[in-house]
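Okay, so here's the structure we're looking at.
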Amino acid sequence: MPKYDVKITVVKNFSPEDVFGKKFLKPSGTEIKSCGFKVGDEYIVGDTGDMPENFCHHAWYGIYKKVNFIQFGGSFDDWAGEGVDYGVCPDGIRPVVFKIERAEK
């Protein structure tokens, strides 16, 4: 079975203000800011399927199954297009949306 490279692109980075309409504070009083992803950031998952360097472990946990599905040729053609899907980091305070697509070699 062929295994493809997969490109992950950040398409939306929500701040706590986007989610709650106000700043979000930890119990210590420290403000939680948006995570470090920037819209347009791109990462490549090679055919080993390893998490890209400098990628967030929590985000990887949230999208890995979709990455793996596309990496092995899966597709929801009538949903997001051939070899394309979208996934989200499960951080409920500052979620990030990713476009996950089969990369051309």
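So for Lys66, Lys33, Lys22, fewest C-beta neighbours within 10 Å to most, what's the order?
Values: Lys66 19, Lys33 12, Lys22 8.
Final ranking by Cβ density, sparse to dense: Lys22, Lys33, Lys66.
Is it possible to state the helix-based mean residue ellipticity at 222 nm for the chain, with each DSSP H run of 4+ residues giving -39500 (n - 2.57), the sum divided by total residues, to the nearest 500 deg cm²/dmol? What is it? Display every interim value, and only then the final one.
Working: 2 runs with 20 residues, N = 105.
Value at 222 nm, helices only, nearest 500: -5500 deg cm²/dmol.
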remark   = Note: Asn54 to Asp78 extended length (0.36 nm per residue) minus current alpha-carbon separation gives 5.4 nm
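So what's the range 21-74 giving for Cα Rg divided by 2.2 N^0.38 Å, two decimals? List each step's numbers first, then the result.
On the way: Rg = 15.3 Å, N = 54, 2.2 N^0.38 = 10.0 Å.
For the range 21-74, the normalised Cα radius of gyration is 1.52.
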Residue order, fewest to most beta carbons within 10 Å, for Glu17, Glu82 = Glu82, Glu17
message = Please compare each pair in Lys33/Lys99; Lys12/Lys33; Lys7/Lys33; Lys65/Lys99; Lys3/Lys65; Lys26/Lys99 to a cut-off of 18 Å on the Cα-Cα distance and tell me which ones are over it.
response = Lys33/Lys99; Lys7/Lys33; Lys26/Lys99
Kirkwood hydrodynamic radius of the chain, from inverse mean 1/r over distinct Cα pairs, in Å = 14.5 Å
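Relative contact order for the chain: what percent, with Cα pairs under 8 Å and sequence separation of 6 or more? Could the numbers behind the result be given before it?
Values: 201 pairs, mean separation 40.8, N = 105.
This gives 39 percent for the chain.
Values in this text are rule-based calculations from the coordinates and carry no lab data. What you are looking at is a predicted structure, and each value in this text was computed from that prediction instead of being measured. With ideal geometry, Cβ positions are generated from the backbone for all residues, glycine too; neighbour counts draw on all protein chains shown.
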